[in-house]
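The values are calculated or read from the model by the stated rules, or taken from the named source; none is laboratory data. Values in this document were obtained by computation on a predicted structure and should not be read as measured data. Note that each Cβ is placed from the backbone with ideal geometry, even for glycine, and that neighbours are counted across all protein chains shown. Accessible surface is based on the protein model in full, side chains and every heavy atom, while ligands, DNA and RNA are left aside. Shrake-Rupley method; radii C 1.70, N 1.55, O 1.52, S 1.80 Å.
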Amino acid sequence: VPAFELERPWRLATQVALRPEPFGALAYHFGNRRLSFLKTKKLVAVVELLADHQSGREACLAAGVTETELATYERALASLASTGMITCRIDA
């Protein structure tokens, strides 16, 4: 599993389901049984857009993440990658 890099292509892992919540969403991984809280609707949008973009950075920008917010979202995505919620796409 590669370390998280914002410039790589990512997607929601196939064994992960998102459940919308007023604060953002719950992400549940059916394989490792982990639960993660996506604490903002913008982060949910980023995660949902990952598969449609060539990099995590592009997905962030498409979701409206500003340059000043980018480091915060990069850390959040890195955390999701470390727990298997998102995975690097090898097809891109």
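Are any of the residues in the stretch 21-41 open to solvent by 40 Å² or more (accessible area, probe 1.4 Å), among the aliphatic types (A, V, I, L, M) and within 12 Å of the chain's Cα centre (by Cα)? So far as the stretch 21-41 goes, no, none of its residues is open to solvent by 40 Å² or more (accessible area, probe 1.4 Å), among the aliphatic types (A, V, I, L, M) and within 12 Å of the chain's Cα centre (by Cα).
As a summary of the residue check, LEU77 satisfies the conditions (1) out of contact with any Gly (no Cβ under 6 Å at 6 or more places or on another chain); (2) surrounded by 15 or more Cβ atoms within 10 Å (Cβ to Cβ); (3) not charged (D, E, K, R) except for the one numbered (1).
List pairs: first residue in the stretch 46-62 and crowded, with 16+ Cβ neighbours inside 10 Å, second residue hydroxyl-bearing (Ser, Thr, Tyr) and at pLDDT 95 or above anywhere in the structure, Cβ distance under 8 angstrom, at least six positions apart or on different chains. Hits for this filter: VAL46/TYR73; CYS60/TYR73.
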